[in-house]
Amino acid sequence: MRLGLTPEHRQFGDAVADLLEAHGGAEDVWERLVELGVPAVLVAEEHEGAGGDEVDLLAVLDQAGRAALGEPVVEAAVAARLLAGIGGELAAEWLPKLASGEALVVAAPGPYVPHADRAGLVLVGEGGAWYAVRPEPGSLTVQNSMDPLRRLSAVRVPEGAVPVAEGALAAEAFDRGAALTAVQLVGVARRLVDFAVRYAGERSQYGRPIGSFQGLQHQIADALVDVEFARPAAYKAAYALAKGEPDASLDASGAKALASDAALHAAKVSLQVHGAIGYTMELDLHRWLRRAWSLASAWGDASHHRRAVAAALIG
Amino acid sequence: MDLSFTPEEEKFRAEVRAWLEANVPAEPLPSFDTAEGFAAHQEWEARLHGAGLSVVTWPVEYGGREASLTEWLIFEEEYYRAGAPGRVGQNGIYLLAPSLFEFGTPEQKARFLPPMARGEEVWAQGWSEPEAGSDLANVHSRAERVDGGWLVSGQKTWSSRAVHGHWLFALVRTDPESVRHHGLTYFLLPLDAPGVTVRGIHQLDGYAGFAEVFLDKVFVPDDQVLGEVGQGWKVAMSTTGSERGLTLRSPGRFLAAADRLVEQAREAGPLDDRLREDVADAWIKARAYQSYTFQTLTRILDGESIGPESSINKIFWSEMDLRLHETALRVLGPAGELVEGAQDAVADGRWADGFLFALAGPIYGGTNEVQRNIIAERVLGLPREPRSKR
C-alpha cells in the first residue's frame, strides 16, 4: 500500500517546473516539453514513445497546473492512448509524430477542442464515440473564450463520418481526460491558495496584515481543505486507469468532480482575498483564474460527473 | 503508487470478516449510554478481545496483536462494513492509550492497558471545563500537593461515558501561579473515588452521553500521574494529534455509511437530480477520504510526522459525515425523522441516530473553527491573529 510519488516522478515534475518557470510564456514551450519527453510518456515503445503510464504523468500535470500551462498535455495524452487502442495505420502514422513533436494530436470532447487549430490530427468525442478530423478550412472555427491560452476551436465532424472508437475504448478515453485534468486542476487550485496566502501576508489594512483576520483565514483554510482532499483522489483515479481497475471510471468521475469544485472554490477565494487588484489584468492572478474556470468545465463539470456516478451506483 | 494489499493483509482481512460475520449481533445493541446498553457493549468488547480484535495495533502483552497501520485500516473497513456495535471504550483506546504508550511508566501500562483492551475499565475524558472549551488551556481545576499524591478539586464537563464508566483522564492545574498551558498535570482517577460526583447530561438523542464531573479534594496517588508534573499539556496534545489525525476516524466507517446510503437511494425509488448528485457526492467523498488516508499512511511509513495538517483531516471528515447523514434523511423523505422504536422507522432509525451523532463532529475534538485557525496559521503560515493576554 503506497499512495504517493516516487523520487523519479518528482524529478520529472521538477524538470517541467523549471522549464515552465524559465519559458512559461514562450511560443515554443510545447517543443521544449517534447524535448523533455512529455507527450511521449503514454506512447508505447514500438511507436517510439517511452511506454509509461498515467502515474508517470502525475508530477508533470501537477506542475503544469501550478504554472498555469495552457498547452494540451492532457489532450495529447488521451490521444496517445486512444490512437494505440484504435491501432492500425492511424496509430502507426500519428503516434511516432506525436512522441517526436513532428505533429500534435489532441483528443477532447466536442464541440470546442483546445489547440485543435495547431494540431495535425484532432480526435473529437461526440455521443460517446470518437471521430478523427483533419484540421482544414471548413472543419474548424477558432472561438474566443475566457481562457485565451487554451485556444478553443469548434470542430465539425463531417456528416456520415465513421467513428474511430466506440464502446469501452471510447468511454475510457473520456475517463482518462477527466482524471488527468483533475490532477492538473489540483495544481492550479493549490497555486491559487498559495497566491492568496502570500497576498494576505503582504497587504495591510486597519494596521495589520489582512491574513491575520479570521474572516479571510477561514476562507483560505476551507479552500485548502478542498484542494488537499482532491489531490489523492485524482492520483488514485490515474492509478486506477493505469492498472485497468474495474472502478476506474467511478474514480475518474469522482476525482474530476472534487477537483473542479476545489479549483472553482480556490479561484473564488483567491480573487476575494486579492480584492480589486485581483480583478485586473495588472496582476498575473487572472491566468490561474482563467485556467480554473476552463478546466473545471473541460471533460465534464462537477455536476456532470456526480450524475455519472449516481447513474452507475443508483441506476 | 501501489494500492494493492499483500497476501498477508488479505488473509488478515478474511479472518476479520469471517469472525465478524459469525459474531456481530443480529439486532443492534441498546445505546451504550444506558445501563443495559453499557453492559451489553462491555460484553461485546470482551468478545472482540477474546478474538484478538479489540486493539489490533497494540503489543501482544497488552492485549493486541501488533497489527500494522494498514491492517488497522483493513480492520476498521471490515468492522463498519459488518455493522458491528459502536466502541464503548473508544475514549480510552483512542484518546488515552496513545499518551499512555508515550508517557506511561511500565507499571502504569501494565495496570491500565489490559483492562482497557478487555472492555472491563471504560474511560471518560476529563479535559473540558465550563470555562475551558475551545480555549482548552483555560483549565481551572486545581490540585494541591499532599503526602504521597494530590488533592484534586474542580469541575469537568462534557465528559462522555462518565455516567457508566470507571475512570477519568483529566487535565488539572498543579501550579497555582501558572497560566495557559503551563503548570498543568495529567491525572488518572477512578470515578468511584471519595469526593467525585457525576451528574449525567442528556445529549440530543435523549441519552446521558455526557456528564459533569465534580471533584472535591479527590486524592490521587503519585503513581496515577501520567507523564511529569507540569507536563500535562504535552501529554494531552500527543493524544489530540491522534484524535484529529489518522486514528479516531478511519475511512471504514464512512465507506460503510456511503454504501448504505447508496442502497437506501436504490430502494427509495425515483429521486430528483439534485438528491442523486448529493448521494454521489457522499460516496465520492468517502472514497476520497480513503485515498487521503492512504496518502497519510504512506507519509507516516516514510517517517514523516503529520502535525497540524491533521486539522485538514478533521474538517473534512466531520463535514462529510454530516452532509452524508443530511442527504440520507432527505432520501428517506417523511420517514427521515422517525427514530428508534417507531413502527415505520427505516433501519430502526439508524439514519436519524447517525445524523444526531454526526452533528457533534464539527464541535468535538477541537471545533472546526479552531481547526481553521490552526490550518491558517500553522499549515499555511498566515499572520497570527492578535490574541488577548491573560
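Of everything listed in (1) at positive phi; (2) crowded, with 18+ Cβ neighbours inside 10 Å, the single unmet condition for residue B:148 is (2).
Please specify each residue of region B:340-366 satisfying the condition of being β-branched (Val, Ile, Thr) and surrounded by 17 or more Cβ atoms within 10 Å (Cβ to Cβ). If you could, list the steps in order and put the result at the bottom.
Step one: filter region B:340-366 for residues β-branched (Val, Ile, Thr), giving B:346, B:363.
Matches in region B:340-366: B:346 only.
Only one of these is touching a Gly at 6+ places or on another chain (Cβ under 6 Å), within 14 Å of chain B (Cβ to nearest Cβ) and over 20 Å from residue A:150 (Cα atoms): A:44, A:59. Name it. Break it down stepwise before answering.
Details: A:44 fails: within 14 Å of chain B (Cβ to nearest Cβ).
Unique residue meeting the criteria: A:59.
If you check residue B:185 against the conditions, is it away from chain A (no Cβ under 14 Å), modelled with pLDDT under 95 and touching a helix residue (DSSP H, G or I) at 6+ places or on another chain (Cβ under 6 Å)?
On the way: away from chain A (no Cβ under 14 Å): yes; modelled with pLDDT under 95: no; touching a helix residue (DSSP H, G or I) at 6+ places or on another chain (Cβ under 6 Å): yes.
Answer is no for this residue.
Put simply, of A:13, A:24 the only residue that is out of contact with any Gly (no Cβ under 8 Å at 6 or more places or on another chain) and over 24 Å from residue A:146 (Cα atoms) is A:13.
Considering region A:300-315, and only residues there that are within 16 Å of residue A:174 (Cβ to Cβ) and outside any helix (DSSP H, G or I), the residue that is nearest to the other protein chains (Cβ to nearest Cβ) turns out to be A:301.
State all residues of region A:119-128 that are farther than 17 Å from residue A:166 by Cβ and either within 18 Å of the chain's Cα centre (by Cα) or buried (at least 21 other Cβ atoms within 10 Å of the Cβ) (or both); if no residue qualifies, say none.
So in region A:119-128, the residues farther than 17 Å from residue A:166 by Cβ come out as A:119-122.
Selection gives A:119, A:121, A:122.
Where helices (runs of 4 or more DSSP H) fall entirely within region A:14-131, those with at least 3 residues that are in contact (Cβ under 8 Å) with a residue 60 or more places away in the chain and either in contact with a Lys or Arg (Cβ under 8 Å, 6 or more places away or on another chain) or under 29 Å from residue A:293 (Cβ atoms) (or both) are at A:29-35, A:58-66, A:73-86. Looking at the structure I just gave you, is residue B:240 part of a helix (DSSP H, G or I), touching a strand residue (DSSP E or B) at 6+ places or on another chain (Cβ under 7 Å) and either within 14 Å of chain A (Cβ to nearest Cβ) or modelled with pLDDT under 95 (or both)? Answer is no for this residue.
For residue B:164, the test of being buried (at least 21 other Cβ atoms within 10 Å of the Cβ), out of contact with any strand residue (DSSP E or B) (no Cβ under 7 Å at 6 or more places or on another chain) and more than 21 Å from residue B:108 (Cα to Cα) is passed. Does residue B:202 satisfy the condition of being surrounded by fewer than 20 Cβ atoms within 10 Å (Cβ to Cβ) and modelled with pLDDT under 95? In short, no.
Given (1) over 20 Å from the mean Cα position of the chain (by Cα); (2) within 14 Å of another protein chain (Cβ to nearest Cβ), identify the lone condition not met by residue B:214. Single failed check for residue B:214: (2).
Among the conditions (1) closer than 29 Å to residue A:119 by Cα; (2) hydroxyl-bearing (Ser, Thr, Tyr); (3) within 14 Å of chain B (Cβ to nearest Cβ), residue A:141 misses just one, which is (3). Within region B:298-349, the residues that satisfy the criterion of being over 19 Å from the mean Cα position of the chain (by Cα), within 20 Å of residue B:238 (Cβ to Cβ) and within 14 Å of another protein chain (Cβ to nearest Cβ) are B:299, B:300, B:301, B:303, B:304. The set of residues in region B:300-336 being surrounded by fewer than 15 Cβ atoms within 10 Å (Cβ to Cβ) and modelled with pLDDT under 95 consists of B:300, B:301, B:302, B:303, B:304, B:305, B:307.
The values are calculated or read from the model by the stated rules, or taken from the named source; none is laboratory data. Predicted, not measured: the structure shown is a model, and the values here were computed from it. All Cβ positions, glycine included, derive from the backbone under ideal geometry; neighbour counts span all protein chains shown.
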